[in-house]
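Okay, structure first, notes after.
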Amino acid sequence: MSKQDELDAIFKRIAAEHGKLTAKQVEFAIREIGRIRGEIADMLADYAGADGTIKRSRLMRLLRELETVEQSLRQYGTGVLHDIIEESADIAIEQVRIAFHRVLSESLNTVSLNQNVIDYVTTRFGDDGLVLSDRIWSTSGVIRDAIATQLRSDIIKGESVGTMVRNVRKVYDNQTWMIKRLVVTESNTAYRTASCMSVERSDVIDWVRIVDNGSRHPRHKEHMCYKLAREDRYGEGRGIFRPTDSEIYSPHVNCSSYIVPVLKSEYL
């Protein structure tokens, strides 16, 4: 097995391990951001009368108070996403460092690299024209509006606070796909960015290859990672890019593609 073959196998394994990590990160984010359900339950209890319902006359005041819930959503979301990005960057950098030392006996200088990755991921503009904080605000607003709509309906119907709490839980559960999408996108972006920035510091690498990793998706051929993995931009082969080509850091939302370093010919 050549050194390139060894790297191919190692980076494929790293991608699989990161996929498992992302699944855990999604669960963590949904659980942490879901703490707002407890805040809403407490708020509803404060507004309830002796019969366990909330008078219609208090509806507008209650809905205004949901602004504090949206602030909590943003706060939890920001903290969780930053932790996830940092974790993915840390792990990717360490895995690349270990792989290069094992296969090539090269010690990569990773000083300040983690912060570089975090800065890039949190400030980059996505295809939606937004940076991370904007996407968190947008997601928080959608969840808050969905909860407000449910509470308005429940109060008008005269539902009990217990029923409202259960319905809020259902609304949140129905919106967790947005949180999952955000986590998967940002975590994988951090992972690919860290891989590329680590490889860029190597003396034996000029190029990287992007490997599309979503063939099970019914519209995978429409995804940018599929197109990038088959593009021969520099005449070096399909999917070959410079480590600084940022379009391979985040090809599209929910992208699970991964990066493999391409050795210079003299090191094969």
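Please treat every number below as a calculation from the coordinates, not as lab data. Not measured: the values here are computed from a predicted model. Cβ sites come from the backbone with ideal geometry, for glycine too, and all protein chains shown count toward neighbours.
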Quick one: which residue in 48, 16, 41 is of a type in the set (A, V, I, L, M, F, W, C) and within 28 Å of residue 202 (Cβ to Cβ)? 16
Quick one: would you say residue 147 is touching a residue at least 24 places away in the same chain (Cβ under 8 Å) and under 22 Å from residue 60 (Cα atoms)? yes
Out of curiosity, is residue 239 more than 22 Å from the chain's Cα centre (by Cα), free of Cβ contacts under 8 Å to residues at least 40 places away in the same chain and surrounded by 20 or more Cβ atoms within 10 Å (Cβ to Cβ)? yes
Answer yes or no as to whether residue 54 is more than 32 Å from the chain's Cα centre (by Cα), hydrophobic (A, V, I, L, M, F, W, C), surrounded by 12 or more Cβ atoms within 10 Å (Cβ to Cβ) and farther than 23 Å from residue 113 by Cβ. yes
Taking into account only those residues within segment 73-106 that are under 19 Å from the mean Cα position of the chain (by Cα) and among the hydroxyl-bearing types (Ser, Thr, Tyr), which is surrounded by the fewest Cβ atoms within 10 Å (Cβ to Cβ)? 78
Conditions (1) part of a loop (DSSP other than H, G, I, E, B); (2) more than 30 Å from residue 261 (Cβ to Cβ); (3) of a type in the set (D, E, K, R); (4) touching a Phe, Trp or Tyr at 6+ places or on another chain (Cβ under 8 Å): number failed by residue 51: (4)
Using the structure shown, decide if residue 202 is in a helix (DSSP H, G or I), touching a Leu at 6+ places or on another chain (Cβ under 8 Å) and on the phi < 0 side of the Ramachandran plot. no
Residue ID - surrounded by the fewest Cβ atoms within 10 Å (Cβ to Cβ), chosen from residues in segment 107-121 that are touching a residue at least 40 places away in the same chain (Cβ under 8 Å) and part of a helix (DSSP H, G or I): 116
If only one of 254, 213 is farther than 30 Å from residue 38 by Cα, of a type outside the set (A, V, I, L, M), under 18 Å from the mean Cα position of the chain (by Cα) and surrounded by fewer than 22 Cβ atoms within 10 Å (Cβ to Cβ), which one is it? 213
Of the listed residues (213, 188), the one being assigned to a loop (DSSP other than H, G, I, E, B), of a type in the set (S, T, N, Q) and closer than 18 Å to residue 19 by Cα is 213
